[in-house]
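The values are calculated or read from the model by the stated rules, or taken from the named source; none is laboratory data. Not measured: the values here are computed from a predicted model. Here the Cβ positions follow ideal geometry from the backbone for every residue, glycine too, while neighbour counts run over all protein chains shown. All accessible areas refer to the heavy atoms of the entire protein, side chains included, with ligands and DNA or RNA removed. Shrake-Rupley method; radii C 1.70, N 1.55, O 1.52, S 1.80 Å.
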Amino acid sequence: MTNSDVKTPRYGWALTGSGHFFKESLELMRELEPLDIFVSAAAEEVLNMYKQKLDQLPPGTRIFKDRTASAVPVGGFYQGVYHTLIMSPTSSNTIAKCVAGISDNLATNVYAQAGKTRVPSIVFACDNKPEDLTEAPRENMVKVYPRKIDLENTRKLGEFEYTTVVESIEELKQALMARRECLKSSSS
Ligand SMILES: Cc1cc2nc3c(=O)[nH]c(=O)nc-3n(C[C@H](O)[C@H](O)[C@H](O)COP(=O)(O)O)c2cc1C
């Protein structure tokens, strides 16, 4: 379906290759409508490893995989297709690239183009505390120790224009609720 055939403006959701709160992110995504999903190449692999599927999505949801060098689907940001970008979960790799202003794949491009078109982004940066527990593909919990550079990048991204960085699923739910309210009041 082309951008002129779908209901707009819509939510955009970028999935990256982080296993941290991957399943919970999919649950939240299923509640948003209308929606487009942008899947990084690593996220595609992680989906399989955690035995997850992009299913039970709202009707009309489009899924864009990272298949082009120029991130063709980002054109939608220039056509006013999106009112909000959510990126969750966000790997430390994608956070680092975004902080450096790099946009060399689908996930980093949607974040960069959202910023350049003044579309607000909500980013769940998973590496936000010095010690954490994360679920491995076999459902066992693993302890991780994000490095100083990871924590510093998360802090820096919070200073970017049109960006709200959240550090837990609870904060992500609150930010989504606030955004929904804001969209409702601006349309009434
Ligand atoms: C099972 C699995 C889980 C992973 N979980 C994380 C994670 O929680 N956080 C993270 O930063 N990277 C994680 N990675 C590594 C990323 O997938 C890797 O850095 C990848 O290059 C990220 O690409 P992307 O940022 O383009 O999606 C995980 C990799 C695998 C195989």
Query raised in the report: Is it fair to say residue 124 is in contact (Cβ under 8 Å) with a residue 60 or more places away in the chain and assigned to a loop (DSSP other than H, G, I, E, B)?
Result: no
Report task. Would you check which residues across the range 136-164 are among the charged types (D, E, K, R), surrounded by 14 or more Cβ atoms within 10 Å (Cβ to Cβ) and closer than 30 Å to residue 51 by Cα and list them? Result -> 150
Query raised in the report: Of all residues in the range 81-107, which are surrounded by 24 or more Cβ atoms within 10 Å (Cβ to Cβ), assigned to a helix (DSSP H, G or I) and not hydroxyl-bearing (Ser, Thr, Tyr)?
Result: 95, 98, 106, 107
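Being open to solvent by less than 50 Å² (accessible area, probe 1.4 Å), among the hydrophobic types (A, V, I, L, M, F, W, C), away from the ligand (no atom under 11 Å from the Cβ) and assigned to a helix (DSSP H, G or I) is the requirement here; does residue 110 meet it?
On the way: open to solvent by less than 50 Å² (accessible area, probe 1.4 Å): yes; among the hydrophobic types (A, V, I, L, M, F, W, C): yes; away from the ligand (no atom under 11 Å from the Cβ): yes; assigned to a helix (DSSP H, G or I): yes.
Considered against the rule, which asks whether it is open to solvent by less than 50 Å² (accessible area, probe 1.4 Å), among the hydrophobic types (A, V, I, L, M, F, W, C), away from the ligand (no atom under 11 Å from the Cβ) and assigned to a helix (DSSP H, G or I), residue 110 comes out as yes.
Return yes when residue 96 is in contact with a Gly (Cβ under 8 Å, 6 or more places away or on another chain) and under 25 Å from residue 170 (Cβ atoms) and no when it is not.
On the way: in contact with a Gly (Cβ under 8 Å, 6 or more places away or on another chain): no; under 25 Å from residue 170 (Cβ atoms): yes.
Spelling it out, it is not the case that residue 96 is in contact with a Gly (Cβ under 8 Å, 6 or more places away or on another chain) and under 25 Å from residue 170 (Cβ atoms).
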Requested in this report: Please find, within the range 42-66, the residue that is least open to solvent (accessible area, probe 1.4 Å) out of those that are in contact with a strand residue (DSSP E or B) (Cβ under 9 Å, 6 or more places away or on another chain) and within 11 Å of the ligand (Cβ to nearest atom).
Outcome: 43
Report summary line: Checked the range 138-188 for anything within 16 Å of the chain's Cα centre (by Cα), within 16 Å of the ligand (Cβ to nearest atom) and outside any helix (DSSP H, G or I); matches are 165, 166, 167, 168
Query raised in the report: Of the numbered conditions (1) more than 21 Å from residue 23 (Cα to Cα); (2) modelled with pLDDT of 95 or more, residue 73 satisfies every one except a single condition; which is it?
Result: (2)
